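Here's the structure we're looking at; comments come further down.
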Amino acid sequence: MAVQDPTRANINRALLSHIAGYDLDRLAAADEEAILSRFRNYRDTWVNDGVFVMLRRFLADHGIGELFSDTRLPNPERTASNILQLTEIVHKVSERRRYDARELLQWLKKGIDGEIRDGDEYQQRIESDEAAVRIVTIHKSKGLEYNIVLAP
């Protein structure tokens, strides 16, 4: 909403979210004109390059990498993974249905309000594959690096 309609209230809501990472003190000290200009640039990017490029630029500008280690969040990896997955879904819907910004925002609001979506892409992804089973090809004595080796 802040990108499509860059009013002070919309921008403040966007910046005070976990994604942007602002708090009230940082927001009060920020240069309002520079922030407004940045959101206008996001809007131009959305129009010219698409929603995916705009969202990735927004996330890069506001430190998506820092979100993975944000100790204020109960599960920062889960939050970052969800944000990245949502970015991909919004892009796919925008491309598949040829939605403009207003239509895409309406679609997103319906999803937030609980409209049920079917399909694997809407299933919450795991934040890390650290605990996943890994299949490795073993050549000659390479299996000796593992405690247990199963060889059929």
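The values are calculated or read from the model by the stated rules, or taken from the named source; none is laboratory data. What you are looking at is a predicted structure, and each value in this text was computed from that prediction instead of being measured. Note: ideal-geometry Cβ built from the backbone for every residue, glycine included; neighbour counts use all protein chains shown. Ligands, DNA and RNA are excluded from the accessible area calculation, which covers all protein heavy atoms including side chains. Shrake-Rupley method; radii C 1.70, N 1.55, O 1.52, S 1.80 Å.
Applying the selection to segment 1-29, what residues are assigned to a loop (DSSP other than H, G, I, E, B) and either in contact with a helix residue (DSSP H, G or I) (Cβ under 7 Å, 6 or more places away or on another chain) or touching a residue at least 12 places away in the same chain (Cβ under 8 Å) (or both)?
Residues satisfying the conditions are 1, 2, 3, 4, 6, 16, 18, 19, 20, 21, 22.
Report, by residue number, each residue of segment 30-52 that is touching a Phe, Trp or Tyr at 6+ places or on another chain (Cβ under 8 Å) and in a helix (DSSP H, G or I). Within segment 30-52, 42 is the sole residue that qualifies. Is it the case, given these coordinates, that residue 25 is among the charged types (D, E, K, R) and more than 16 Å from residue 2 (Cβ to Cβ)? Here the answer is yes, as residue 25 does meet what is asked. Hey, does segment 72-83 have a residue that's over 12 Å from residue 19 (Cα atoms), assigned to a helix (DSSP H, G or I) and open to solvent by 50 Å² or more (accessible area, probe 1.4 Å)? Checking segment 72-83: at least one residue is over 12 Å from residue 19 (Cα atoms), assigned to a helix (DSSP H, G or I) and open to solvent by 50 Å² or more (accessible area, probe 1.4 Å). Restrict the check to segment 54-69 and report whether at least one residue is out of contact with any Ser or Thr (no Cβ under 6 Å at 6 or more places or on another chain), in a helix (DSSP H, G or I), modelled with pLDDT of 75 or more and open to solvent by less than 30 Å² (accessible area, probe 1.4 Å). Yes, there is a match, as at least one residue in segment 54-69 is out of contact with any Ser or Thr (no Cβ under 6 Å at 6 or more places or on another chain), in a helix (DSSP H, G or I), modelled with pLDDT of 75 or more and open to solvent by less than 30 Å² (accessible area, probe 1.4 Å).
Looking at segment 122-130, can you tell me whether even one residue there is at pLDDT 85 or above and out of contact with any Ser or Thr (no Cβ under 9 Å at 6 or more places or on another chain)? No, segment 122-130 contains no residue that is at pLDDT 85 or above and out of contact with any Ser or Thr (no Cβ under 9 Å at 6 or more places or on another chain).
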